[in-house]
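The structure appears right after this line, and notes come after that.
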Amino acid sequence: MDWMTRVRTAEKTCLIQDGKKKVHYKFQDGEEMAEEYNIETNSLLRRAWKRGNDLSKKGHWEIEVGDPEPDPTSLDSVGLKEQANSPYIIKRVTKKALEWRIRNLPYPLEVYSVTAEPENKCITVRTSNKKYFKKIGIPELERANLLPEQKNIDISYKFGTLIITYTKPSEVIQMERAVLEEIKSVNTIQDGDLPCRTS
């Protein structure tokens with residue numbers, strides 16, 4: 001099933017709360033997605049997923065876009081806390097680009113190599129000193145049946161953060177507009193304490 005069909009056939013609820021439009025999707029396969037949009041700009045601020053079949057992570061939401069939920073008490077599978085200065089990624093979405101900010105990387109810009117890997121449907125970040133390596137998936141491209149292209153990648157570095165900008169292809173921009181139009185058809189309530197009607 002293609003992405004727009006999934007969005008159209010999902011059970012959707014929508015509310016305005018804290019200056020944001022919050023949309024919850026329940027898909028036919030049991031997966032759930034929650035999105036938050038800036039009311040004035042319609043910019044996507046956050047997208048999170050709850051996968052229906054993963055019993056080991058009951059109640060856990062996987063963040064696709066936006067800041068991760070702060071949880072200083074969380075431990076990994078062997079009971080160790082991740083170091084506060086370990087590199088971590090925050091993804092942002094703008095009108096014309098996808099952006100990943102990898103924080104806590106202390107190396108200068110010339111050390112980094114960011115390459116499109118169409119065969120793996122991702123981009124790869126490497127350092128010439130072999131201190132950091134990461135594959136980053138791009139679900140927005142997969143939903144539009146596109147592969148990553150090197151010409152769309154730009155990188156910069158400041159304040160310990162590598163910034164990767166991927167220019168959105170027109171197909172992704174059109175798909176995002178179609179999703180926003182679909183959201184407009186959902187009955188929206190203003191108060192988060194009231195139940196939402198579903199579409």
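When residues of region 9-50 are filtered for being among the hydrophobic types (A, V, I, L, M, F, W, C) and either farther than 17 Å from Trp61 by Cβ or over 15 Å from the mean Cα position of the chain (by Cα) (or both), how many remain?
6
Across region 132-153, which residue is farthest from Pro118 (Cα to Cα) among those that are of a type in the set (Asp, Glu) and within 18 Å of the chain's Cα centre (by Cα)?
Restricting to residues being of a type in the set (Asp, Glu) and within 18 Å of the chain's Cα centre (by Cα), the top hit is Glu140.
Conditions (1) at pLDDT below 95; (2) touching a Phe, Trp or Tyr at 6+ places or on another chain (Cβ under 8 Å), marked per residue:
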position: Lys134; (1), (2): no, no
position: Leu146; (1), (2): no, no
position: Ile155; (1), (2): no, yes
position: Ile163; (1), (2): no, yes
position: Thr167; (1), (2): no, no
position: Glu171; (1), (2): no, no
position: Ala178; (1), (2): yes, no
position: Glu182; (1), (2): yes, no
position: Asn187; (1), (2): yes, no
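Residue by residue, here is whether (1) among the charged types (D, E, K, R); (2) touching a residue at least 24 places away in the same chain (Cβ under 8 Å) holds:
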{"position": "Cys122", "(1), (2)": "no, yes"}
{"position": "Phe133", "(1), (2)": "no, no"}
{"position": "Glu140", "(1), (2)": "yes, yes"}
{"position": "Arg143", "(1), (2)": "yes, yes"}
{"position": "Leu146", "(1), (2)": "no, yes"}
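I need the full set of residues from region 99-123 which are in a strand (DSSP E or B) and among the basic types (Lys, Arg), in order please. Walk me through it before giving the result.
Taking region 99-123 as the starting set, the residues that turn out to be in a strand (DSSP E or B) are 99-103, 112-117, 122-123.
Arg101, Arg103 - these are the residues of region 99-123 that are in a strand (DSSP E or B) and among the basic types (Lys, Arg).
State yes or no: is Ile63 surrounded by 13 or more Cβ atoms within 10 Å (Cβ to Cβ), under 30 Å from Lys26 (Cβ atoms), of a type in the set (Val, Ile, Thr) and modelled with pLDDT under 95? Before you say what the answer is, go through the steps one by one.
Details: surrounded by 13 or more Cβ atoms within 10 Å (Cβ to Cβ): yes; under 30 Å from Lys26 (Cβ atoms): yes; of a type in the set (Val, Ile, Thr): yes; modelled with pLDDT under 95: yes.
Yes; evaluated as a whole, the condition is true for this residue.
The values are calculated or read from the model by the stated rules, or taken from the named source; none is laboratory data. What you see is a predicted model, and the numbers here were worked out from it, not measured in a lab. Cβ atoms come from the backbone with ideal geometry, glycine included; neighbour counts cover every protein chain shown.
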